[in-house]
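Engineer: One structure is given below, represented as structure tokens, and several questions about it will come after.
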Amino acid sequence: MTQPGGPRPVVIVTGRHRPHQVLFVGLSFVLGMAYTVGAPPPQSLAALMPAWLVHVWAIGLLASGVLGGVSLAIADRPERGLWLEAAAMLIGAGALVVALVAIFVFAGWRGLFGAGITAAWAGANLWRAWQIRRDLTAVEYGGGAR
Amino acid sequence: MSAWASIAQTVGGLLTGGGAVAAVNAVAKRRVTKADVVDRLSDAQLKWVGEFQEDAKSARAEAADARREAADARREAADTRREVADARRETVEAQRQMAVLREQVDALSERLHGLIQMIHEPAMTIERLRVVIPLPPPSANGRPG
């Protein structure tokens with residue numbers, strides 16, 4: 001039951017895993033693992049960022065993939081799963097923003113396609129994190145002062 | 001490192017920090033208990049629940065009153081039926097007694113008529129009347145029966 005201006009309900013439905021989200025979480029894990037264990041990083045990042053930052057960036061991608069995968073697997077604790085998903089989205093967005101800036105600075109408009117995909121990915125992560133925070137906060141506080 | 005890289009590093013760091021806080025939140029947050037749920041319901045929802053409970057209570061009281069009234073009405077109907085049956089029995093008894101009295105009156109009337117005829121017979125004498133109409137035997141207390 002909802003009231004105008006009242007709290008939004010959080011609806012947990014079966015089949016809530018969106019394919020794009022699941023695949024990007026998987027991609028984040030794969031790329032993060034690859035760059036962490038020693039795969040050569042993207043040229044843009046290697047050119048712009050110090051080596052330690054490239055490692056941190058790779059670990060961030062890996063962490064986003066791991067947390068995202070765990071959040072998708074948790075079925076019995078939907079609230080915890082959503083917080084983990086929000087964490088994965090934010091960490092992933094942080095790593096993607098670094099990569100986005102690196103692409104534009106290194107390649108300019110020639111990097112538009114890659115930067116565009118990276119920007120959309122980061123934007124989707126931030127949007128999802130905002131959705132989760134908004135709805136879980138509304139459920140916790142019941143729409144009124146605590 | 002260029003300015004853009006510094007900005008990207010700062011923004012990335014902030015977002016990663018926020019993600020770390022969310023991860024800690026997910027792990028450290030305790031399960032909401034029933035007491036917390038009650039505590040976190042808004043005042044409007046609690047008021048609605050209270051009003052609903054009051055309505056349910058008054059509806060149950062009204063239903064109990066209605067059942068009591070129905071039971072009283074059934075008892076009164078049963079009493080009325082008993083009284084009607086008693087009245088019917090008394091009427092039947094009265095009619096029976098009336099019939100018995102009528103027979104006795106008829107019998108007495110016939111005997112009286114016969115006595116009057118005997119008295120007016122030209123050949124009737126007192127002695128013969130005393131034979132026809134004997135004295136009744138005395139009762140247990142000495143008075144004539």
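The values are calculated or read from the model by the stated rules, or taken from the named source; none is laboratory data. Bear in mind the structure is a predicted one, so any value in this text is a computation, not a measurement. Don't worry about glycine lacking a Cβ; one is built from the backbone with ideal geometry, like all the others, and counts go over all protein chains shown. For the accessible areas, the whole protein counts, side chains as well, though only heavy atoms, and no ligand, DNA or RNA atoms are used. Shrake-Rupley method; radii C 1.70, N 1.55, O 1.52, S 1.80 Å.
Engineer: Test each condition in (1) of a type outside the set (Phe, Trp, Tyr); (2) in contact (Cβ under 8 Å) with a residue 24 or more places away in the chain; (3) within 10 Å of chain B (Cβ to nearest Cβ) for A:Leu62 and report the one that comes out false.
Structural biologist: Among (1) of a type outside the set (Phe, Trp, Tyr); (2) in contact (Cβ under 8 Å) with a residue 24 or more places away in the chain; (3) within 10 Å of chain B (Cβ to nearest Cβ), A:Leu62 violates only (3).
Engineer: Which one of the conditions (1) under 20 Å from A:Pro41 (Cβ atoms); (2) of a type in the set (A, V, I, L, M); (3) open to solvent by 10 Å² or more (accessible area, probe 1.4 Å) does A:Val139 fail to meet, given that it meets all the rest?
Structural biologist: It is condition (1) that A:Val139 fails.
Engineer: Moving on. Could you list, in sequence order, the residues of segment A:75-100 that are surrounded by fewer than 24 Cβ atoms within 10 Å (Cβ to Cβ) and within 7 Å of another protein chain (Cβ to nearest Cβ)?
Structural biologist: Listed by number, the list holds a single entry, A:Arg80.
Engineer: More than 7 Å from chain B (Cβ to nearest Cβ), under 13 Å from A:Val25 (Cβ atoms) and touching a residue at least 60 places away in the same chain (Cβ under 8 Å) - does that describe any residue in segment A:111-121?
Structural biologist: Within segment A:111-121, one or more residues are more than 7 Å from chain B (Cβ to nearest Cβ), under 13 Å from A:Val25 (Cβ atoms) and touching a residue at least 60 places away in the same chain (Cβ under 8 Å).
Engineer: Considering B:Asp55, B:Asp39, B:Asp43, B:Asp79, which residue is modelled with pLDDT of 90 or more and of a type outside the set (Val, Ile, Thr)?
Structural biologist: Numbers: B:Asp55 fails: modelled with pLDDT of 90 or more; B:Asp39 fails: modelled with pLDDT of 90 or more; B:Asp43 fails: modelled with pLDDT of 90 or more.
Exactly one residue qualifies, and that residue is B:Asp79.
Engineer: Regarding A:Ala39, is this residue free of Cβ contacts under 8 Å to residues at least 12 places away in the same chain and over 18 Å from the mean Cα position of the chain (by Cα)?
Structural biologist: yes
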